[in-house]
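Participant: A single structure is presented below for examination.
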Amino acid sequence: MEKLRSSGIRRLLVLAGLSLLVGLVAAYPARAMDTRSGDRVVIGPDEVVDDDVYVAANEVVVDGTINGDLIAVGNRIEVNGQVEQDVMAAGQSVQIGGTVGHAARIAGQTLLLNRDAQIAGDLVAAGFSLQNEPDSTVGGSLAYAGAQALLEGTVGEDLKGFMNGLELSGDVGGNVDVQVDGEGGGPPSFAFAPASQVATPTVAPGLTLTDNAQVGGDLDYESSSEAQISPDAQIGGEVARTERPSQEETAGAESNIGLNILRNFVTLVVVGLLLVWVMPNWVRRRAYTVMDRPLASLGWGVLGYLAFVALAIVILLVTILLAAIFGVLSLGSLLLLIIGLGLLAELGLGLAFWISTGYLAQIIVSFVVGTIVVEAVQAGRGRGGRVLALVVGLIVYVLLRAIPILGLIVSLAVVLLGLGAISNWIWRRLRRAPTQPPSPTTSSS
């Protein structure tokens, strides 16, 4: 049973990372790509890669130089070399001990920035435990959601996050704005998580600032208990505490949030199963569009969004213009007809946009993620069915969307990617319709 639980946790972390990467990779410009996989992938100290590197392996070790982005998913990920662009990594343990030229997005059970870690931009992280050792540097802001954090290094700008325990012993150049539940609660720990290959520190619940803590700006925290602030800690701005609600109120709010997440998941599953049953080829082809051309899909998603807005404005203006013309001509019956048709057109357009972004886009991208995960997990054992891929993908998406900060990024990326696939399909149908009318026996694509 323990082995099964450990395997489940590992898979959950991989799923979360894959969903996160689907939302983030599409935001970067296209460059050449170097794809690697296997049980252990190592980029040696003397190796220089001039492309973006995509890695999926049980163990990933980067000791050399990557002149593009690093996108890695695995059990253990260790970056000791130099990555000129961004690092996006998800695994049971993620350790950065080298130089990252831009930003880093990491997710996993145990996250570590050791003494030699130098991240020029922002760090966005989610997991059970985050630690940055003394002499490590995050040049931009740090945003973290998880159970605990031990911060001993330097954060150049702001620190934001939600956690159960935070111990600050390093420097934060800007403001600190955190929610720290303290003794009254907080996110549950990974009770059945397997032992990580990276040592996990012990952090007391609540907020603690040690003698070495330095905050350049204000310290704002929300907690169920007073922060333990050393008299020697240096805080440049004001200290303000927002007291968290009672345990009964918190339990009620968390119950409502959990219920909303469950309702959303069930709704997406029902609609998704209906789509897979009624239009399996349509869902599969839209999913392949996202999978094969993520950047193009993202661009089409932005264009599709703008097209919906522009069309709504055009319908409104045309309705007003025609209503004015027929009003001047004293054609009252036509005036009412034009207004009614305009309102129906606006309502239909809004309904189509709501269905596309609220259901179809999310189902399409979730199907993509589920397909990737199921085929990776079942490598060599045959492919999983469409239903399994859909359910797995939706679980990943709903869980990722519930994470503060990261959830907003993932939701936006998923909606734009899915809307892009739909917009591209609509455009191709419109271009083909005048010259190639579908025959009675041809099925819709």
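Values quoted throughout were computed directly from the atomic coordinates according to the rules given, and no laboratory measurement underlies them. All of these numbers come straight from a predicted model, not from anything done at the bench. Here the Cβ is made from the backbone with ideal geometry for all residues, glycine too, and neighbour counts use every protein chain on show.
Participant: Compare the peptides 215-225, 390-400, 413-423 by average per-residue count of other Cβ atoms within 10 angstrom and give them in order, highest first. Before the final figure, lay out each step's value.
Facilitator: Numbers: 215-225: 19.3, 390-400: 23.4, 413-423: 25.9.
Answer by packing, highest mean first, reads 413-423, 390-400, 215-225.
Participant: Please compute, for the alpha-carbon atoms of segment 254-432, the extent along each of the three principal axes and give them in descending order in Å.
Facilitator: 73, 46, 30
Participant: Something else now. How much length is gained if the chain between Arg40 and Thr210 is pulled fully straight, taking 0.36 nm per residue apart and subtracting their Cα-Cα distance, in nm to one decimal?
Facilitator: Computed gain between Arg40 and Thr210 is 57.3 nm.
Participant: What is the packing order of peptides 306-318, 265-277, taking the mean over residues of other C-beta atoms within 10 Å and listing the highest first? List each step's numbers first, then the result.
Facilitator: Details: 306-318: 13.5, 265-277: 16.2.
In decreasing order of mean packing, 306-318, 265-277 become 265-277, 306-318.
Participant: Let me ask something else about it. For segment 69-116, what is the convex hull volume of the alpha-carbon atoms per residue, in Å³?
Facilitator: Values: hull volume 2.5 nm³, N = 48.
Measuring per residue, one finds 53 Å³ for the Cα hull of segment 69-116.
Participant: Just grab the label-to-label distance for Val239 and Leu295, each label 7 Å out from Cα along the Cβ direction, in nm (one decimal).
Facilitator: 5.0
Participant: To the nearest 0.05, what FRET efficiency results for Asp232 and Leu408 with a Förster distance of 41 Å applied to their C-beta separation? Show your work: numbers first, answer last.
Facilitator: Values: r = 37 Å, r/R0 = 0.91.
With a Förster radius of 41 Å, E is 0.65.
Participant: Once amide H atoms are built 1.01 Å from N in the peptide plane, which residues 5 or more positions from Gln118, or in another chain, come under 5 Å H to H?
Facilitator: For Gln118, the qualifying residues are Gly98, Thr99, Val100, Thr137.
Participant: Right, something else. Work out the FRET efficiency for Ala307 and Met279 from their Cβ-Cβ distance, taking R0 = 22 Å, and round it to the nearest 0.05.
Facilitator: Values: r = 22 Å, r/R0 = 1.02.
With a Förster radius of 22 Å, E is 0.45.
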